[in-house]
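> One structure follows; several queries about it will come next.
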Amino acid sequence: MAADDEATGQIKRGFVWLGSASLVTRVLDAVFTLGVLWLVSKEELGLATLAWSIGVFIEAFNGLGISTALIQTKTLEDGQLSDSFWYTMVIALLLITAVWFGAPFLADLWGASSLVPLIRASAFKLLFVGAALVPLSLLNRELRFERIAVANTAATFTSGGTTMLLAWMGAGSWAFILGQLMYGVTIMIAAFSLQPFLPQLRFSMSRVQPLAVFGARAAAATVVYHLYRNADYFIMGRFLGVAAVGVYRVGFELAMTPTVTLLNVVNRSALPAYARLQTDRAALSRAMLWTSRSLSLMLAPITVLLAFGAGDLLALINNGEWADAAKVTSWLAWAAFLRSLTHIFPQVFYAVGRPSLALFESLASAAVLCLSFALALTLYGADYGILSVGWAWFVGGALLLVLLFKLTQRVVPLSLSALWQSLKPAGFGVVWLIVIQAALTLVLPSELPPVWALAVRAAMLGGGYMLYLHFGLHMRWADLKSRPA
């Protein structure tokens, strides 16, 4: 069990550092995002979302997965680091060139010629995040979570501040694109400052080839993931138009951002620890179950608050201009909970050297979700609009959770009862929170201002959940932050 203790201790340390940084960055993000929503129109946000989504998809090709290979490999030479850097930069330049020439065709898909310069500009972020890939991978490999936290916080602050300032100056859609470019510049500067790295002025494909081959297999899954992750924007833009994309993005970001933030913290903390257990599959299974238990417990109160409090929050923004996003936010909150649990499993595939299984998961997810989006919009889009996409996310998420459980059983000893035991504490917590929410619905006066209704809801749900953790599960803060002896 010593290996288990060491792995969970490493993951806990990552939780604390990356989680604390993510909390700060998400608060900053929320402040900047809410401020920007007062300054842009639905159409401007819709255009920025489509261009930004293409940029995110292109960013999935960053280094063709070589970052995962750098973390997973047992031995690493200095020459391989330089080779990895130049390999990543060449890929970035090729992708930026491809996007530059392909931008007019992409803009034609939504009938908006104004997208062309936005799409081209969004691709340049890849140049900066590509340069930062090797030093960030080294920090992750060495479990220097506190330095990664500093880099992410600095990048988020400069990105959000830039977006807010440009939106206030009337930049419209460009505020979001240039804000994302500033994120890339800052993360590059921070990465090289916190992990000094000077690439050699030479390149050997033979040295980098083993990492490149593994990385390409891992990247395939990431690329497909980002394709279906943004497919709802692309498909919705064709069915419902640019303005609908803007409204939907508000609901999506509100529901998914806190959940995805926690998931990223968990996965970035877990992968290096899992990789050290790759030869002990029983210990790896126990570490994964511990991770699923911890993640689900952290997600439970956030999910319930977003599912029932989105209307109050959106009513506060620009005199309720974005209130149409409230209903879809509720469904997306539950879908985010399911999808976050599903995304724990691919880290196990990478850790044991089976990225082909992660690719299969991504392909299956792409097929299920894209088909769900198209079917939901075709059957219900005319009557229910963006709400139909929220239903598609929820149904697709449930189906994929079952599929990933069965797939994971192929590489680690994992039983349904063991998975249930890991998720049961959060399940009971969700039930308890829904009971509190039902009581609040009965006692809160309908004329209560949204800001007070949201504050009361958050306080009661948060307080009730803390009581559940303390008296129901006998948990303390020290249980999370302590490290095994």
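> Among the numbered conditions (1) without any contact (Cβ under 8 Å) to a residue 24 or more places away in the chain; (2) closer than 21 Å to residue 338 by Cα, tell me where residue 434 comes up short.
Condition (1) is where residue 434 drops out.
> Condition (residue is in a helix (DSSP H, G or I), over 17 Å from residue 45 (Cα atoms) and of a type outside the set (A, V, I, L, M, F, W, C)) applied to the range 166-181: is it met by at least one residue?
No, the conditions are met nowhere in the range 166-181.
> Looking at the range 342-356 only, could you name the residues that are open to solvent by 10 Å² or more (accessible area, probe 1.4 Å), more than 16 Å from residue 277 (Cα to Cα) and either part of a helix (DSSP H, G or I) or in contact with a Gly (Cβ under 6 Å, 6 or more places away or on another chain) (or both)?
Scanning the range 342-356 gives a single hit, 356.
> A further question on this structure: Restricting to the range 56-70, what's the tally of residues that are within 19 Å of residue 198 (Cα to Cα) and open to solvent by 10 Å² or more (accessible area, probe 1.4 Å)?
Looking only at that region, the number is 1.
> Further question on the same structure: From 161, 172, which residue is under 24 Å from residue 264 (Cα atoms) and small (Gly, Ala, Ser)?
Exactly one residue qualifies, and that residue is 161.
> Of all residues in the range 90-118, which are in a loop (DSSP other than H, G, I, E, B) and surrounded by 13 or more Cβ atoms within 10 Å (Cβ to Cβ)?
Hits for the range 90-118 are 110, 112, 114.
Residues checked against (1) open to solvent by less than 10 Å² (accessible area, probe 1.4 Å); (2) at pLDDT 90 or above; (3) part of a helix (DSSP H, G or I); (4) in contact with a Cys (Cβ under 9 Å, 6 or more places away or on another chain):
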site	(1), (2), (3), (4)
358	yes, no, yes, no
366	no, no, yes, no
373	yes, yes, yes, no
376	no, yes, yes, no
391	no, yes, yes, no
397	yes, yes, yes, no
427	no, yes, yes, no
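> I'd like to know if the range 79-86 contains one or more residues that are at pLDDT below 90, within 25 Å of residue 148 (Cα to Cα), in a helix (DSSP H, G or I) and aromatic (Phe, Trp, Tyr).
Taking every residue of the range 79-86 in turn, none turns out to be at pLDDT below 90, within 25 Å of residue 148 (Cα to Cα), in a helix (DSSP H, G or I) and aromatic (Phe, Trp, Tyr).
> Just one of 279, 257 is of a type in the set (S, T, N, Q) and closer than 24 Å to residue 400 by Cα; which is it?
Only one candidate qualifies: 257.
> Given the conditions (1) touching a Leu at 6+ places or on another chain (Cβ under 8 Å); (2) open to solvent by 30 Å² or more (accessible area, probe 1.4 Å); (3) hydrophobic (A, V, I, L, M, F, W, C); (4) modelled with pLDDT of 85 or more, which single one is not true for residue 192?
Going through (1) touching a Leu at 6+ places or on another chain (Cβ under 8 Å); (2) open to solvent by 30 Å² or more (accessible area, probe 1.4 Å); (3) hydrophobic (A, V, I, L, M, F, W, C); (4) modelled with pLDDT of 85 or more one by one, residue 192 breaks only (1).
> While we're on this one: Applying the selection to the range 234-268, what residues are of a type in the set (S, T, N, Q) and either open to solvent by 10 Å² or more (accessible area, probe 1.4 Å) or touching a Lys or Arg at 6+ places or on another chain (Cβ under 7 Å) (or both)?
Scanning the range 234-268 gives 257, 261, 264, 267.
> Do we have residue 381 as open to solvent by less than 80 Å² (accessible area, probe 1.4 Å) and touching a Phe, Trp or Tyr at 6+ places or on another chain (Cβ under 6 Å) here?
yes
Table: residues versus (1) touching a strand residue (DSSP E or B) at 6+ places or on another chain (Cβ under 8 Å); (2) open to solvent by 30 Å² or more (accessible area, probe 1.4 Å); (3) assigned to a helix (DSSP H, G or I).
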residue	(1), (2), (3)
394	no, yes, yes
400	no, no, yes
407	no, no, yes
410	no, yes, no
417	no, yes, yes
424	no, yes, yes
432	no, yes, yes
436	no, no, yes
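> Could I ask something else about it? Select, from 41, 53, 67, the only residue that is more than 26 Å from residue 255 (Cα to Cα), touching a residue at least 40 places away in the same chain (Cβ under 8 Å) and among the small types (Gly, Ala, Ser).
On inspection, the qualifying residue turns out to be 67.
> Can you find, within the range 199-208, the residue that is surrounded by the fewest Cβ atoms within 10 Å (Cβ to Cβ) among those that are assigned to a loop (DSSP other than H, G, I, E, B) and modelled with pLDDT under 85?
Selected residue: 201.
> For the range 119-161, what are the residues that are more than 14 Å from residue 177 (Cβ to Cβ), aromatic (Phe, Trp, Tyr) and surrounded by fewer than 21 Cβ atoms within 10 Å (Cβ to Cβ)?
157 - this is the single residue of the range 119-161 that is more than 14 Å from residue 177 (Cβ to Cβ), aromatic (Phe, Trp, Tyr) and surrounded by fewer than 21 Cβ atoms within 10 Å (Cβ to Cβ).
The values are calculated or read from the model by the stated rules, or taken from the named source; none is laboratory data. Source: prediction; values computed, not measured. Virtual Cβ from ideal backbone geometry, glycine too; neighbours counted across all protein chains shown. Note: areas computed on protein heavy atoms with side chains; ligands, DNA, RNA excluded. Shrake-Rupley method; radii C 1.70, N 1.55, O 1.52, S 1.80 Å.
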